[in-house]
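We did not get these values from a lab; they are worked out from the coordinates using the rules stated. Since we're looking at a predicted model, the values are computed, not measured. Please note: Cβ atoms are built from the backbone with ideal geometry, for glycine as well, and neighbour counts cover all protein chains shown.
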Amino acid sequence: MNFFTKGWADIESQLQINWDLLNTCLQFALWGLFSLLLAEVVRDSYHALCHQFTWMSKWHNKHHMAYRRDLSVVSPKIYQESQLYNDIVESSILVVVVTLIALLLNQMGFWLGVAYAFTFLYGASRRYFLGKIDTDYTHLPGPLETIPSTWWVNRSYHWRHHFDDVNAYYSGVFPLVDTILGTGLSLKGKTIALTGASGALGQALATELLKHNAKVLALTTHPEKLQAQDKLAIIPWELGNEAELKKSLEKVDILILNHGINVYSNRTPEAINSSYEVNTFSTLRLMDIFISTVTGPQSKATKEIWVNTSEAEVSPAFSPLYELSKRALGEVVTLKRLDGDCIIRKLILGPFKSQLNPYGVMSAQQVARAILFFAKRDFRNIIVTINPLTYVLFPIKETSTWLYYRMFSKKAQHDEIVN
């Protein structure tokens, strides 16, 4: 008995956790993570300030002068000057600021941020002294083959800062500062087509978009309910004739698919057909038409589709056919996202007062403002609802569905389509 007791005590002593060491490692990791985030904020905040103050922009403008629209270098001399007056200055300031904070805090983990800051100075120095562009990841020349990333700044994301809106898209590695400032998407000067424009949400969205200096194309089956105004054009269309809109959509930057129908408790064959035709198939046809216009070397950076799939994707709407048709739409939209043709945002909206739902608890104006608030922060799934469960259930549903579709589906090649 004593033998087993002694043996167990030996095992227990060997497995005993050194809590002091664990606490030290945890503190090191947390301070290290904080230092990396702070380094990003400092660096991108400096970048944003360069666009706000003339005396700072003098040197930063050399950076913008160095690239053509395909991100090829204008000349080696101008490129090296941009590295000296912008990149080296920016990274040197970053190193000094982060080092001073590390000395003040006296936390070992924070020195990870200092090391991280030095990598930017190293890359800028390499580009200036050796003329090497291999470390200039977001400025490598060539066509933009991928859409702007959600989690980090890729070439398509940063291209928009140079050639879409210089007063937006400030982030350099992670889009944290753009999320904070609301500069992850610029609506200024964009041409935005909007279906369901005569409805409550459609009219509210049009009003808010005009406030952001966008040009709105109101696509509606009820043009008599709208009145044309400055920067708002009315384009009538009919269900089933979506192909006739292709010419209008070719010059559109963002297509917002917002039209829909609610047959409530009706379950007749006609109600089934109309629910799926309006809520699902018409929307998918318009998506396909718009995606066919995503051509050219830079179109992937600026073209977007926003789809109102509604909260019915994960919650009851007390209208079975509305739920079924919207869920079908949501599933196919998730599938289409895998192709990466352009940015596709989902609008997961709770009940707001409209013709489809006179009992909504939110106003269309509140919902429209919230949609643009999150879109400008580059949210790809925009949830606006008073139901707290949706904020939990939808991410789980969307992530699991996306993973399943990614594993068991693939984009058809041209020869497969022909056959």
Q.
I need 303, 326 ordered by Cβ neighbour count within 10 Å, fewest first.
A. 303, 326
(Q) Compute the helix-to-body angle for 282-291: its Cα long axis versus the longest principal axis of the chain, expressed 0 to 90° and rounded to tens. (A) 50
Q) Hey, what do the phi angles of the stretch 52-58 turn into as Karplus ³J(HN,Hα) couplings, whole Hz, using 6.51/-1.76/1.60 and θ = phi - 60°, x for Gly and Pro? A) 10, 10, 4, 5, 8, 6, 4
**Q.** Inter-part distance where the stretch 290-306 and the stretch 370-403 are each reduced to a Cα centre, Å
**A.** 23
Q: Pick out which of 19, 402, 237 has the largest mean-square fluctuation in a Gaussian network model of the chain, springs linking Cα atoms closer than 10 Å.
A: 19
Q: Considering only 375, 204, 193, give the residue with the highest GNM mean-square fluctuation for the chain, with springs between Cα atoms whenever their separation is below 10 Å.
A: 204
**Q.** Which of 376, 225, 132, 346 has the fewest Cβ neighbours within 10 Å, and the rest in rising order
**A.** 132, 225, 376, 346
Q. Out of 65, 108, 287, any idea which swings most in a Gaussian network model of the chain, alpha carbons joined below 10 Å?
A. 108
Q) With the Cα gyration tensor of the stretch 191-410 giving a ≥ b ≥ c as the square roots of its eigenvalues, does the rule (a/c under 1.5 for rounded; else a/b larger than b/c for prolate; else oblate) give rounded, prolate or oblate? A) rounded
Q.
Based on alpha-carbon centroids, what's the gap between the stretch 37-65 and the stretch 190-235 in Å, whole number please?
A. 35
Q) Does the stretch 235-330 classify as rounded, prolate or oblate by the C-alpha gyration tensor (a ≥ b ≥ c root eigenvalues; a/c under 1.5 gives rounded; else a/b over b/c gives prolate, otherwise oblate)? A) prolate
Q: Have a look at the DSSP beta bridges in the chain and tell me what percent are antiparallel, nearest 5.
A: 5
Q) Can you sort 111, 152, 55, 159 by how many other beta carbons sit within 10 Å, fewest first? A) 55, 152, 111, 159
